[in-house]
Amino acid sequence: MARRKRAAIQLNSPQRKSLEYFMLVAGSLVLATSFNLFLNPNQIASGGVSGLSTILHNLFGFPPAIVQWACNIPLFLLGLKMLERHYSMKAALGSIILPLCVMLTSHLQPLTTNPLLASIYGGIGVGLGIGIVFRGRGSTGGFSIASQILHKYTGLSLGACVAVFDGLVILFAGIVFDPEKALFALIALFVTSKTIDIVQMGWNTSKVAYIISNEIETLREAILYDLDRGLTLLDAAGGYTGDERKVLMAVVSQSEVSKLKIMVRSVDPDAFIILCPAHEVLGEGFRAG
């Protein structure tokens with residue numbers, strides 16, 4: 001109970017809150033810069049309110065920032081009314097700050113007129129910006145709120161609701177511009193989603209190893225003292241025999257996987273090893289957070 005209370009205090013400390021607001025602004029600035037350097041000038045509308053603003057800018061000449069404000073603020077107010085959740089100040093600020101950053105960076109000249117390069121680098125930049133905002137427990141508003149409303153009242157999964165709105169924007173772009181631009185927008189959307197995952201979970205992929213063996217005690221000592229890794233003993237039962245047994249679970253870095261396999265095979269050639277990816281591991285011997 002005391003540990004949980006300390007964790008809550010740490011999450012809501014003034015330093016942590018200041019960092020989260022900084023990440024909201026920094027992420028919005030990165031997103032807006034990528035939008036103006038790559039996506040908007042090349043007519044790549046890769047979903048969301050920013051994609052819609054690209055379409056309306058090219059159709060009617062509306063400034064993208066004005067379009068984004070015109071969508072974000074009403075959607076935030078609608079979400080505030082229709083969703084049974086507390087909308088934080090950061091969500092409100094995100095709906096305002098992102099279009100402001102788009103306006104402040106609108107003078108930037110595009111770095112490329114190649115739509116493939118623009119979709120790749122624009123997708124990376126947008127994903128980096130959104131990932132930074134998410135790591136700061138923030139939101140940029142827009143169609144993410146509309147997706148949550150659709151999710152609540154239709155029962156569709158949240159991922160499907162996001163896909164609906166992004167798909168409609170890309171379809172609209174394919175009609176307004178041409179089908180090829182819609183295909184480039186899909187590339188940008190894919191790159192964005194992968195970049196968000198990398199920012200959220202990091203590059204380094206550790207492995208969770210589950211080891212089933214008749215030499216559990218020997219393997220336990222080898223992992224603890226030779227590999228210098230902690231482990232957990234899990235209670236299990238054989239599916240066929242029903243015999244009770246222990247399963248070793250250990251988390252190792254990518255570079256230690258080969259050493260672990262050699263170690264296990266040398267102790268018990270008949271051991272059963274299952275290796276699963278662990279994208280983010282926090283704690284002693286790994287990242288601090």
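The values are calculated or read from the model by the stated rules, or taken from the named source; none is laboratory data. All values derive from a computational prediction rather than experimental measurement. Glycine gets a Cβ as well: all are built from the backbone with ideal geometry, and neighbour counts include every protein chain shown. We work out accessible area using only protein heavy atoms, side chains counted, and drop any ligands, DNA or RNA first. Shrake-Rupley method; radii C 1.70, N 1.55, O 1.52, S 1.80 Å.
Scan region 33-81 for residues that are open to solvent by 60 Å² or more (accessible area, probe 1.4 Å), within 22 Å of Cys161 (Cα to Cα) and among the aliphatic types (A, V, I, L, M) and jot them down. Ala70, Ile73, Leu77, Leu78, Leu80, listed by residue number. Tell me, yes or no, whether region 213-222 has at least one residue that is surrounded by 14 or more Cβ atoms within 10 Å (Cβ to Cβ) and within 29 Å of the chain's Cα centre (by Cα). No, the conditions are met nowhere in region 213-222.
For every residue, the table says whether it meets (1) free of Cβ contacts under 8 Å to residues at least 60 places away in the same chain; (2) among the aliphatic types (A, V, I, L, M); (3) buried (at least 20 other Cβ atoms within 10 Å of the Cβ).
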{"position": "Gly138", "(1), (2), (3)": "no, no, yes"}
{"position": "Gly141", "(1), (2), (3)": "no, no, yes"}
{"position": "Gln148", "(1), (2), (3)": "no, no, no"}
{"position": "Leu156", "(1), (2), (3)": "yes, yes, no"}
{"position": "Ala160", "(1), (2), (3)": "yes, yes, no"}
{"position": "Val169", "(1), (2), (3)": "no, yes, yes"}
{"position": "Val176", "(1), (2), (3)": "no, yes, no"}
{"position": "Leu183", "(1), (2), (3)": "yes, yes, no"}
{"position": "Ser193", "(1), (2), (3)": "no, no, no"}
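Hey, any hits in region 163-175 for a residue that's at pLDDT below 80, over 20 Å from Gly125 (Cβ atoms) and out of contact with any helix residue (DSSP H, G or I) (no Cβ under 9 Å at 6 or more places or on another chain)? No, every residue in region 163-175 fails to be at pLDDT below 80, over 20 Å from Gly125 (Cβ atoms) and out of contact with any helix residue (DSSP H, G or I) (no Cβ under 9 Å at 6 or more places or on another chain).
From the list Glu256, Glu280, the one residue that fits, being open to solvent by 50 Å² or more (accessible area, probe 1.4 Å) and either charged (D, E, K, R) or at pLDDT 90 or above (or both), is Glu280. Among the criteria (1) at pLDDT 90 or above; (2) aromatic (Phe, Trp, Tyr); (3) open to solvent by less than 30 Å² (accessible area, probe 1.4 Å), the one Tyr121 does not fulfil is (3). The helices (runs of 4 or more DSSP H) found wholly in region 1-89 and carrying at least 1 residues that are at pLDDT below 80 and over 25 Å from the mean Cα position of the chain (by Cα) occupy 2-11, 64-82.
Figure legend. Inter-residue proximity from region 112-136: first residues under 14 Å from Lys181 (Cβ atoms), second residues surrounded by fewer than 17 Cβ atoms within 10 Å (Cβ to Cβ), beta-carbon distance below 6 Å, spacing 6+ or different chains. Indicated pairs: Ala118/Thr112.
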